[in-house]
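This report concerns only the one structure given below.
The values are calculated or read from the model by the stated rules, or taken from the named source; none is laboratory data. Please read these numbers as outputs of a predicted model, since none were measured by experiment. Here Cβ is always computed from backbone atoms with ideal geometry, including for glycine, and neighbour counts include all displayed protein chains. Note: accessible area is taken over every heavy atom of the protein model, side chains too, but ligands, DNA and RNA are not part of it. Shrake-Rupley method; radii C 1.70, N 1.55, O 1.52, S 1.80 Å.
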Amino acid sequence: MKLKLIFLTLFLATVQLAMAQVKFEAKVSKKKLGVNERLRVDFEMNQDGDNFRPPAFSGFTVVGGPNQSISNSWINGKRSYSKKFSYFLEPTRRGKFTIKQAVIEIDGQTYKTLPVTVQVTSAVDKPKDGNNTDFVASENLHLVAEVSKSNPYLNEAITVVYKLYVSTRISVSNWRELDNPKYSDFWSQAIDMKQLKIENGEYKGEPYRYVVLRKTVLYPQKTGKLNIEPLSLTVSVDVPTNRRDIFGGRLYSTVNKAVAAGNRTINVKPLPLEGKPDDFSGAVGSFDFKVATSKTALDATESLDAKVIVSGNGNLKLFDLPKLNVPNGLEQYEPQHNERVRTNLTGMGGNISDTYTLVPQYKGKYPIPPISFSYFDLKTETYKRISSSEIVINVKNGPDNNGSTTTSQSNGTNKKLVTQTGSQFRFLKSNASLQPIAKKHFFKSSGYWISLTAPLLAIPLFLFFGKKRQERLSDVRGNRVRKADKLARKYLSEAKKNLGNQKEFYIAMERALHNYLKAKLHIQTSDMSKDRIQRLLKERDVEDAVTIEFIALLESCEFARYTPSSTSAMQQDYDKASRVIATMDKQL
């Protein structure tokens, strides 16, 4: 009888251990798909985890997700739990791609999924059913990137205008950006779109309505073939169906359609080598150049400003101004750079300048020699040079330069040279009056005895702090609380860094709120229902108004996955989270 009981106990323990194993795996909707199809990837686990980190999805564009779903049920006294993160991907090209490992932390342990290989083939035929709402939406909705010039010179401005074309057969109720293009190898400047305006036009010969969503000015910084990444949107499209209501009106079906502007390749030409000046600094456009001073007559130790100015149209922010050379006797300070540049569809326009402060030390006449500025003119496709005029600064009153005189010499160019005489080292002190340093011995000094006894005195301190550290490590619950509290502060700081990036901001915000609850209320993420959170906070004497604000923050994080949010709304949510967490800390 005892032997049977032992075997039964061992069997039940083995079954319980097998059921308690953590499962974390990646599942794909299909292993082979066309380049014009979508792929769904699910990362599923059977126990609750935190700090989920997805892979990079190389070769794909994320058009949806992450969508989180939790299933928690009890059947015949046994708990069944499932948590899932879902992503919807669109392939960027044909080939074989590997969806790498996702990572999550469960009960302090790190788990990873196995890599999954997916084959992307050429585009597959989709059913062209006129009654299919998805097909109708794709045929009547187009996102186009219009590039002003496909073969510019290096540092020549080009414009990319993104237009959303909508057929009269459908209507659009809302859209949001899925993926912002990253203009690698370009200097970019977005033009502010104060108000979107619907206009009438044509797309492939058919009447369409369109709206300009974005305008961007680009200056290529490399030669050769450069890629402009596509802008991706998800659009809510209302498509008419063959069904009608009781009054005979046509019923509409709403579908969420992902559209992309497509990659554009720009062939950038190098600037010609023929006639290129040695001092060419990369200026491309049409410019004027001059050097001006605030005054030409003054007394010694007074100051004047000398300004080097380039104005016109071109890559004003992308080159250096020529340096100002002044004669000896004029003290020159570091220049102050100033930019008054506006950007529109034609590129940058305005002026840039360097302002030097000059202070003469002695009386006399000081000529500022001419300097030149060279640039590449896009109209004539040649290099041009502009030189400034010589400026003479007349210092009327002031000390002589130690008996020296300022003389004018003719050197063939009618320039006046400033010469100085006298000792150049008259300010150096020849008698330093140095004193010898008395020799001191380290042996048996105070420092000697301190360095000898300090290690012995530190041994009890090491033992004390070692014991405290061991006690802290053995406090499992306390360590979890401290870790969760640390993660809450970390993710709240991460949310602040991602202000303006809606997806990353609200993911970090939600993690911060969940880790804060884990630290203060000792509950897991799977148990964080709103009713339970309210009940626990009330038991801990947290004010109802603070609880309501905390629940509202959790709801904002959930709604942000499906609705667009502005930067000001994110800033308000962040300020509210900081204030609510600080208030709850005091009350808890």
### Summary
Scanning region 284-299 for residues that are at pLDDT 95 or above and part of a loop (DSSP other than H, G, I, E, B) gives none
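Conditions (1) farther than 17 Å from Ala137 by Cα; (2) out of contact with any helix residue (DSSP H, G or I) (no Cβ under 7 Å at 6 or more places or on another chain); (3) not charged (D, E, K, R); (4) not in a loop (DSSP other than H, G, I, E, B), marked per residue:
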residue	(1), (2), (3), (4)
Lys149	yes, yes, no, no
Val161	yes, yes, yes, yes
Ser173	no, yes, yes, yes
Tyr183	yes, yes, yes, no
Glu202	yes, yes, no, yes
Arg209	no, yes, no, yes
Leu213	yes, yes, yes, yes
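Yes/no per residue for (1) at pLDDT below 70; (2) more than 24 Å from Thr234 (Cα to Cα); (3) surrounded by 16 or more Cβ atoms within 10 Å (Cβ to Cβ):
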residue	(1), (2), (3)
Ala508	no, no, yes
Leu517	no, yes, yes
Lys538	no, yes, no
Ala545	no, yes, no
Glu549	no, yes, yes
Ser556	no, no, yes
Ser568	no, no, no
### Task
For region 154-164, state whether one or more residues are at pLDDT 90 or above, open to solvent by 20 Å² or more (accessible area, probe 1.4 Å), of a type in the set (Phe, Trp, Tyr) and under 31 Å from the mean Cα position of the chain (by Cα).
no
### Message
If a residue must be touching a residue at least 40 places away in the same chain (Cβ under 8 Å) and either over 18 Å from Ser372 (Cα atoms) or surrounded by 18 or more Cβ atoms within 10 Å (Cβ to Cβ) (or both), how many such residues does region 271-294 contain?
### Response
8
#### Entry: Criterion violated by Thr265 - all others in (1) open to solvent by 80 Å² or more (accessible area, probe 1.4 Å); (2) free of Cβ contacts under 8 Å to residues at least 12 places away in the same chain; (3) touching a Lys or Arg at 6+ places or on another chain (Cβ under 8 Å) satisfied
(2)
### Query
From Phe88, Phe97, which residue is in a strand (DSSP E or B), open to solvent by 60 Å² or more (accessible area, probe 1.4 Å) and not basic (Lys, Arg)?
Phe88
### Task
All but one of (1) under 20 Å from Ile170 (Cα atoms); (2) open to solvent by less than 80 Å² (accessible area, probe 1.4 Å); (3) at pLDDT 90 or above hold for Val259, so report the exception by its number.
(3)
### Message
Here is a list: Arg176, Arg169, Arg209. Which entry is of a type in the set (Lys, Arg), under 18 Å from Ser236 (Cβ atoms), free of Cβ contacts under 8 Å to residues at least 60 places away in the same chain and surrounded by fewer than 18 Cβ atoms within 10 Å (Cβ to Cβ)?
### Response
Arg209
### Query
What number of residues within region 295-308 satisfy the criterion of being within 42 Å of the chain's Cα centre (by Cα) and open to solvent by 30 Å² or more (accessible area, probe 1.4 Å)?
2
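Let's see how each residue does on (1) among the charged types (D, E, K, R); (2) modelled with pLDDT under 85; (3) within 30 Å of Lys317 (Cα to Cα):
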site: Arg209; (1), (2), (3): yes, no, no
site: Val212; (1), (2), (3): no, no, yes
site: Lys215; (1), (2), (3): yes, no, yes
site: Glu229; (1), (2), (3): yes, yes, yes
### Task
Evaluate the following for Lys530: is it open to solvent by 60 Å² or more (accessible area, probe 1.4 Å), under 30 Å from Phe88 (Cβ atoms), modelled with pLDDT under 80 and over 25 Å from the mean Cα position of the chain (by Cα)?
yes
### Query
Given the conditions (1) at pLDDT 75 or above; (2) out of contact with any helix residue (DSSP H, G or I) (no Cβ under 7 Å at 6 or more places or on another chain), and given that Lys496 satisfies all but one, which numbered condition is not satisfied?
(2)
### Residue ID - most open to solvent (accessible area, probe 1.4 Å), chosen from residues in region 220-238 that are hydroxyl-bearing (Ser, Thr, Tyr) and in contact with a Leu (Cβ under 8 Å, 6 or more places away or on another chain)
Thr223
### Summary
Those residues of region 366-383 which are buried (at least 16 other Cβ atoms within 10 Å of the Cβ) and not in a loop (DSSP other than H, G, I, E, B) amount to Tyr366, Pro367, Ile368, Phe373, Ser374, Tyr375, Phe376, Tyr383
### Filter result (aromatic (Phe, Trp, Tyr), crowded, with 17+ Cβ neighbours inside 10 Å and either in contact with a helix residue (DSSP H, G or I) (Cβ under 7 Å, 6 or more places away or on another chain) or in contact (Cβ under 8 Å) with a residue 60 or more places away in the chain (or both)) within region 33-85
Phe43
### Task
Check off (1) closer than 22 Å to Ser138 by Cβ; (2) at pLDDT 85 or above for Phe57 and give me the number that stays unchecked.
(1)
### Message
Being over 20 Å from Gln221 (Cα atoms), open to solvent by 50 Å² or more (accessible area, probe 1.4 Å) and more than 44 Å from the chain's Cα centre (by Cα) narrows it down to one residue among Asn338, Asn397, Asn325; which is it?
### Response
Asn397
